[in-house]
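Please read the structure below before turning to the comments.
The values are calculated or read from the model by the stated rules, or taken from the named source; none is laboratory data. Predicted model, so just to flag it, every value in this text is computed and none were measured. Using ideal geometry, Cβ is built from the backbone for each residue, glycine included, and neighbour counts are taken over all protein chains shown. Accessible surface areas use protein heavy atoms only, side chains included; no ligands, DNA or RNA. Shrake-Rupley method; radii C 1.70, N 1.55, O 1.52, S 1.80 Å.
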Amino acid sequence: MTICQKLKLALACSAALLPVAASAAPAGDAFATAAHLHRGVNVLGYDPLWKDPARARFQPRHFAIIRKGGFDFIRLVLQAFDHMDATNRLDPEWLATLDRVVKQASDAGLSVIIDEHDFNACSDDPDACAPKLKAFWQQIGERYRTAPKSVLFELLNEPHGKLDADRWNALLAQILPVVRASNPQRTLVIGPTNWNSLSKLDTLKLPPSDHNILVTFHYYEPFRFTHQGAPWTDNRDLHGIPLTTADERRIGADLATVAAWSEANKRPVLLGEFGAFDKSGTPIADRVRYTATVRRNVEAHGLPWAYWQFDGDFIVYDINHDTWVEPIRQALVGKP
Ligand code: BGC
């Protein structure tokens, strides 16, 4: 006989004695969400739209073009810290733009990952970042609490530098309850430190009872190939690096490692960014081969992916001429 039965308060007792983790566990399963994501593309991260909608390169009709072009979700890249006031309130006009974009994308039949992309600010100064990131998710969480489940939240792009595994896990432990308070059923996207590196998947500490987390990683290996000539990296002076068959084998092995991690840890996984820099003189045939190789391997394991990116650099769409970069699009959505 339990204490509760003795006290004849069975009902009240059984609720009160439920383990906290079980009663607080968010409903929903990220495997179910992941099953609706297949092929995605990163959009709008560096578009003038956010500062002045009148100067937008990306137009609402591009969402239908993306959907018809063979993609079913977007990763919406937001650098929101620039749009906060001194008390970390998000600019109402910026929020109105965000509302419009999320609605237009959803109306076009696309799932939307809202990705907070202030990764450099957060990685350089985690202490200054924490209140901003918390304020961001408090406001966005409230605002989108009734959004359809095709809207996902990605807590922070590519933590690195001072946001090492320990500090990133500590920051996550602060942010997660903020988001879960308003969005107990939302699928969240979270990746490991070291720029969402697959080698750091094991360091990620996620609440064991929260099954509504889609784990993400980014893949740009071999970096000497994908980022040759990229001015923001140490490879800025590197040119003429070919893609070898050994590289292709390595890509296959790396992606198999991720799939095995997913299986062993019972967490669904998303490849949130991959691609090869387009302004380096690398022959497009090599970039196409690279893109197709990653896509083929990742799809062989049934993992969803998002290409980096629609416009800007690494482009799959040429906004200036309003047309697809067809060889790259074919590498992504054509016959494998
Ligand atoms: C960054 C971009 C960069 C890309 C590839 C993204 O996460 O936001 O600035 O071009 O990674 O390096």
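Take the conditions outside any loop (DSSP other than H, G, I, E, B), away from the ligand (no atom under 16 Å from the Cβ) and touching a residue at least 24 places away in the same chain (Cβ under 8 Å) and apply them to K149. Does it pass? Judged against the criteria, K149 is not a match.
For the stretch 97-115, taking the residues that are outside any helix (DSSP H, G or I) and either of a type in the set (A, V, I, L, M, F, W, C) or touching a strand residue (DSSP E or B) at 6+ places or on another chain (Cβ under 6 Å) (or both), the one that is surrounded by the most Cβ atoms within 10 Å (Cβ to Cβ) is identified as D115. Suppose the filter is within 11 Å of the ligand (Cβ to nearest atom) and at pLDDT 95 or above; does T203 pass it? Considered against the rule, which asks whether it is within 11 Å of the ligand (Cβ to nearest atom) and at pLDDT 95 or above, T203 comes out as no.
Among the residues of the stretch 38-67, what is the count of those that are of a type in the set (A, V, I, L, M) and either assigned to a helix (DSSP H, G or I) or without any contact (Cβ under 8 Å) to a residue 40 or more places away in the chain (or both)? Count: 6. Among the residues of the stretch 160-167, some residue qualifies, meaning at least one is within 19 Å of the chain's Cα centre (by Cα) and in a helix (DSSP H, G or I). Condition check for A35 on (1) in contact (Cβ under 8 Å) with a residue 24 or more places away in the chain; (2) within 30 Å of E263 (Cβ to Cβ); (3) not hydroxyl-bearing (S, T, Y): one failure, at (1).
Residues checked against (1) open to solvent by less than 20 Å² (accessible area, probe 1.4 Å); (2) away from the ligand (no atom under 14 Å from the Cβ); (3) small (G, A, S); (4) touching a Phe, Trp or Tyr at 6+ places or on another chain (Cβ under 9 Å):
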{"residue": "H218", "(1), (2), (3), (4)": "yes, no, no, yes"}
{"residue": "F225", "(1), (2), (3), (4)": "yes, no, no, yes"}
{"residue": "P231", "(1), (2), (3), (4)": "no, no, no, no"}
{"residue": "H239", "(1), (2), (3), (4)": "no, yes, no, no"}
{"residue": "P283", "(1), (2), (3), (4)": "no, yes, no, no"}
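Can you confirm whether H211 is free of Cβ contacts under 8 Å to residues at least 60 places away in the same chain and either out of contact with any Gly (no Cβ under 9 Å at 6 or more places or on another chain) or assigned to a loop (DSSP other than H, G, I, E, B) (or both)? Taking the combined requirement at face value, the residue does not satisfy it. Among the numbered conditions (1) within 20 Å of the chain's Cα centre (by Cα); (2) under 26 Å from I65 (Cα atoms); (3) within 14 Å of the ligand (Cβ to nearest atom); (4) open to solvent by 10 Å² or more (accessible area, probe 1.4 Å), the only one that L303 does not meet is (3). For the stretch 68-96, a tally of residues being within 16 Å of the ligand (Cβ to nearest atom) and either in a loop (DSSP other than H, G, I, E, B) or surrounded by 15 or more Cβ atoms within 10 Å (Cβ to Cβ) (or both) returns 8.
Counting just the residues of the stretch 34-48 that are open to solvent by less than 20 Å² (accessible area, probe 1.4 Å) and at negative phi, which one comes out nearest to the ligand (Cβ to nearest atom)? The extreme case among them is G45. Total residues in the stretch 192-216 satisfying the condition of being surrounded by 18 or more Cβ atoms within 10 Å (Cβ to Cβ) and not hydrophobic (A, V, I, L, M, F, W, C): the figure is 10. Counting only helices (runs of 4 or more DSSP H) that fall entirely inside the stretch 236-336 and contain at least 2 residues that are at pLDDT 95 or above and touching a Leu at 6+ places or on another chain (Cβ under 9 Å), the qualifying elements are 245-265, 284-300.
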